[in-house]
Amino acid sequence: MGNMRVSKRGYPIALVVFAVSIILTFTFTNDYYLVIMCQVACYYIAALGLNFITGLTGQPNMGAAGTFSLGAYTSSLVSMKLGVSPFLAMFFVLAMGWLIGKVLGFPTLRLEGVYLALISMLFAEVVRIVIMNMPNFTGGAAGLKNIPNYHIFGFTFSKYRDTVLLYTVFALIMTYIAHRITRSRWGRSFVAVRDNVEAVGSCGINVSAIKIAAYTVCCVFICVAGAMQAHYLTYLSPVSFSGLLSNSFVIILILGGIGTVSGAFVGSIIVVLLPEILRFVGEYYMLVYVSIVMLNLMFLPRGIVPTLLRTQGGVSSVEAIKMFFSMGKKGVDGDE
């Protein structure tokens, strides 16, 4: 795999898109479009986090929905039970992301490929089942209702237009943080582990610490995205955090371009809009949806953004498939 570098043209394009989103916020009068924009922001930040695992370190993660749900429920429960502002609850969300990253990071030390993917899927399913079986605390299968909107100094972001503006700021902040981490020593270490883990270890670098750090950053980003979704929907249901959501995050990266920041944004727009656009096909929706993804894999193997910008960023579909479904011999025969 090539070294993941963020295109210099990608960030100006992303900033232009964000500026356009602000203009659209004041243009749209229908809340339907504003809700879609909120969803894009949440998915984009989650995809940014997943990029640290899939794009930078080359570790498959098919259980992002579990982390997403824990971020959502943590922020919601802290806000409701303790009566604090969701902005203050964000500190608990960050702590939850850190904890999940440390816990999930350890399996990456001995597992690879399909085995690691299965562990992450199992984690997500266990989280969903636990949430469903704690009705007195999480609301159980009926869901969690009356989640407060973001509010600060007496101002409540109760209107979707205000929420879109707030989430645009969140997205810009997380984009900047992702960019800084990617260009830092840690970011270069992540890429080195992905490209040649044996060489990294032979240089005296602690590979275990790097993998755990990558998972921790990933989980923090995804938890933040989950918290954002909770406070604009004001309702959570464990049914929403199924394997389909985890797959959606992976598809975002594949469509936009694995390992690229602007690709995560473009992929988020596509994945959020496609279900709305394809409503007219009815029961054939999934067939059409999968067909579009497969066509993208065949004709745009590096993703939309790296192909259009002709950059070296991103991971091809063939490399991604090898990464996700390799049998991970080292994960089984780790002593060899």
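Any read-out appearing in this document is the output of simple, stated calculations on the displayed coordinates, not a laboratory observation. Since we're looking at a predicted model, the values are computed, not measured. Virtual Cβ from ideal backbone geometry, glycine too; neighbours counted across all protein chains shown.
Some observations on this one:
- Here the Karplus relation 6.51 cos²θ - 1.76 cosθ + 1.60, evaluated at θ = phi - 60°, turns the backbone of region 189-197 into coupling constants of 5, 4, 5, 4, 5, 5, 6, 7, 5 Hz, with x for every Gly and Pro.
- The spread of Cα positions in region 139-197, taken along each principal axis and listed from longest to shortest, comes to 49, 32, 18 Å.
- Residues whose amide H falls under 5 Å from that of residue 258, counting only those 5 or more places apart or on a different chain, are 315, with hydrogens built in the peptide plane.
- Options 213, 111, 237, ranked by Cα towards positive dipole end of region 15-241, top entry (Cβ charges): 213
- Debye, to nearest 20: dipole size of the chain, +1 on Lys, Arg Cβ, -1 on Asp, Glu Cβ: 680
- Relative contact order for region 67-157, counting Cα pairs under 8 Å that sit 6 or more residues apart, in percent: 31
- The chain - percent relative contact order, Cα under 8 Å, separation 6 or more: 34
- Computed from backbone phi, the HN-Hα couplings of region 20-30 come to 5, 5, 5, 4, 5, 4, 8, 8, 6, 10, 8 Hz, rounded to whole numbers (Karplus: 6.51 cos²θ - 1.76 cosθ + 1.60, θ = phi - 60°; Gly and Pro given as x).
- Less than 5 angstrom separates the built amide H of residue 134 from those of 140, all sequence-distant by 5 or more or on a different chain.
- Dipole-positive endmost among 94, 164, 64 within region 15-241 (Cβ charges, Cα centre): 94
- The fewest-to-most ranking of 276, 125, 283 by surrounding Cβ atoms within 10 Å reads 283, 276, 125.
- Considering helices alone, the calculated mean residue ellipticity of the chain at 222 nm is -22500 deg cm²/dmol, with DSSP H runs of length four and up weighted by -39500 (n - 2.57) and normalised per residue.
- Centroid-to-centroid, using Cα positions, region 106-138 and region 15-94 are 20 Å apart.
- Cα gyration tensor shape of region 112-227, rounded if a/c is under 1.5, else prolate or oblate by comparing a/b with b/c: oblate
- Karplus (6.51, -1.76, 1.60) ³J(HN,Hα), θ = phi - 60°, over region 267-280, in Hz, Gly and Pro reported as x: x, 5, 4, 5, 5, 6, 7, 3, x, 6, 5, 8, 4, 5
- Long-range amide H partners of residue 151 with built H, under 5 Å: 87, 157
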